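Working notes, beginning with the structure itself.
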Amino acid sequence: MRDSFGRVTDYLRISLTDRCNLRCRYCMPTCGVKDIPHREILSFEEMLRILRIMAGQGLKKVRLTGGEPLLRKGVDRLIADISRIPGIEETLITTNGILLSRMCGDIKNAGVKRVNISLDTLDKEVFAGLTGTDRLDDVLKGIDTTYDSGIGVRINCVPIRGINDRELESIALIARDREIDVRFIELMPIGLGAGFEGISSGEILERLKTAFGGYKEVGKESRSPAFYCSFEGFKGRIGTISPMSHKFCESCDRLRLTSDGFLKLCLQYPAGADLKTPMREGISDEGLERLILETVKKKPLAHSFEKGELTDRRKMVQIGG
Ligand code: SAM
Ligand code: SF4
């Protein structure tokens, strides 16, 4: 799949549900988001149909996200089915980790080799204030169990001024003793995120340099937006993802599918297409393929968060990150 600027699109992030067992203040309103009626949510069969068609057009990588993807019943069955689609090379998950200690065996058996676990703080009080729950221990147990099970673990942290900025060094230390990459992601002004102040990757690296000494630049992995560094004595790497200070739109390879079946082209803009309605109205596979390819052509060149332009009305919890 190629957009009109020649970029190859081979990565789809699917939001399995808008529901979440946390209420991170920069992502999800404390009262939650309005429940989408069950019938409006894509079924696994509908997702698999879209994936088979996209895989025929070059899709290689799928990431399950949400809301909290592990809340969707039968997620291990879905993963196993996705992994069997010819052409799909990797099925990955981004999770808050709460349910991982219980579920990592099932998702490993289903074919998941690597998970991204979101962790913004190691302080119980900060966790409670940020997420509205006291379940930090569940997340830490989820990280340990998953790592010990042999699934690759990456930690994603969103630094936010006045919330977790005192802890960036301690979070980075997770990468010292285990082969876990810790990645710091710049906050984007999407939904509730617009009400908080993020911290730039440059500032983070400066602070880590002061705390841990110099680092070697490892660089980017192919097509990943993360820039990696290796600090002396650390087993894992430190990554920075800089959508605000170093836009990576020119190499954007991804699309997003919301839980209600909207194929979303760019994090910022509402551009995209509803796939669910035509599917339920009986569109043929050829018709659906054509709709997807035509939609991909409309992918915007780049976000313009820096200009403060109007963003999609969806909250991050409804997009999947
Ligand atoms: N519930 C899962 C989790 O927390 O990993 C998956 C969904 S969550 C929306 C995916 C990621 O998006 C999380 O790492 C979260 O920190 C990040 N995120 C949410 N809002 C963001 C924002 N405004 N800017 C940057 N990252 C954001
Ligand atoms: Fe839930 Fe993830 Fe959003 Fe936190 S960041 S509210 S865990 S979807």
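The values are calculated or read from the model by the stated rules, or taken from the named source; none is laboratory data. Keep in mind the model is a prediction, meaning the values are calculated, not measured. Virtual Cβ from ideal backbone geometry, glycine too; neighbours counted across all protein chains shown. Side chains included, ligands, DNA and RNA excluded: accessible areas come from the protein's heavy atoms. Shrake-Rupley method; radii C 1.70, N 1.55, O 1.52, S 1.80 Å.
Here is a list: LEU291, LEU275. Which entry is away from ligand 1 (no atom under 16 Å from the Cβ), under 20 Å from MET47 (Cα atoms), in contact with a helix residue (DSSP H, G or I) (Cβ under 9 Å, 6 or more places away or on another chain) and open to solvent by less than 10 Å² (accessible area, probe 1.4 Å)?
The unique qualifying residue is LEU275.
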* Asked: Within the range 185-214, which residues are of a type in the set (Phe, Trp, Tyr) and away from ligand 2 (no atom under 15 Å from the Cβ)?
  -> PHE212
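From the list MET54, MET47, exactly one residue is away from ligand 1 (no atom under 11 Å from the Cβ), over 29 Å from LEU192 (Cβ atoms) and modelled with pLDDT of 95 or more. Which is it?
MET54
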* Could you grab the pairs with beta carbons closer than 6 Å, sequence gap of 6+ or different chains, first residue in the range 179-203 and on the phi > 0 side of the Ramachandran plot, second one at pLDDT below 95? => GLY191/LYS315; GLY191/MET316
* Structure fact -> Listed by first then second residue, the pairs whose first member lies in the range 74-95 and is on the phi < 0 side of the Ramachandran plot and of a type in the set (Asp, Glu), whose partner is within 16 Å of ligand 1 (Cβ to nearest atom) and open to solvent by less than 10 Å² (accessible area, probe 1.4 Å), with beta carbons under 8 Å and at least 6 positions apart or on separate chains, are ASP76/ILE107; GLU90/VAL62
* Kindly indicate the residue of the range 257-287 that is among the aliphatic types (A, V, I, L, M) and closer than 16 Å to ARG39 by Cβ and also nearest to the chain's Cα centre (by Cα) among those meeting that condition. => LEU275
* Are there any pairs, at least 6 apart or on different chains, whose C-beta atoms fall under 7 Å, with the first in the range 228-252 and under 14 Å from HIS303 (Cβ atoms) and the second modelled with pLDDT under 95 and of a type in the set (Phe, Trp, Tyr), and if so, which? -> MET244/PHE305
* Unique match (being among the charged types (D, E, K, R), under 17 Å from SER15 (Cβ atoms) and more than 16 Å from ligand 2 (Cβ to nearest atom)) among ARG237, ARG254, ARG178, ARG223 -> ARG254
* From GLY56, GLY66, GLY105, GLY74, residue being open to solvent by 60 Å² or more (accessible area, probe 1.4 Å) and either away from ligand 2 (no atom under 16 Å from the Cβ) or within 13 Å of the chain's Cα centre (by Cα) (or both) -> GLY56
* Do we have any residue at all in the range 144-161 that's at pLDDT 95 or above, more than 23 Å from ARG114 (Cβ to Cβ), crowded, with 16+ Cβ neighbours inside 10 Å and not hydroxyl-bearing (Ser, Thr, Tyr)? -> yes
* Determine whether GLU286 is within 25 Å of SER4 (Cβ to Cβ) and open to solvent by 60 Å² or more (accessible area, probe 1.4 Å). => yes
* Which numbered condition MET28 misses (of (1) within 14 Å of ligand 1 (Cβ to nearest atom); (2) assigned to a helix (DSSP H, G or I); (3) at pLDDT below 95) -> (2)
* To do: Kindly list the number of the only condition in (1) small (Gly, Ala, Ser); (2) within 12 Å of ligand 1 (Cβ to nearest atom); (3) open to solvent by 50 Å² or more (accessible area, probe 1.4 Å) that fails for GLY233.
  => (2)
* To do: Look through the range 1-39, keep the residues that are among the hydroxyl-bearing types (Ser, Thr, Tyr) and open to solvent by 30 Å² or more (accessible area, probe 1.4 Å), and return whichever of them is nearest to the chain's Cα centre (by Cα).
  => TYR26
* To do: Read through the list (1) touching a Leu at 6+ places or on another chain (Cβ under 8 Å); (2) farther than 20 Å from ILE117 by Cβ, then give the number of the only condition that SER230 fails.
  => (1)
* **Selection from the range 170-225 of residues that are more than 28 Å from CYS27 (Cα to Cα), surrounded by fewer than 16 Cβ atoms within 10 Å (Cβ to Cβ) and at pLDDT below 95** => ASP177, GLY213, GLY214, LYS216, GLU217, VAL218, GLY219, SER222
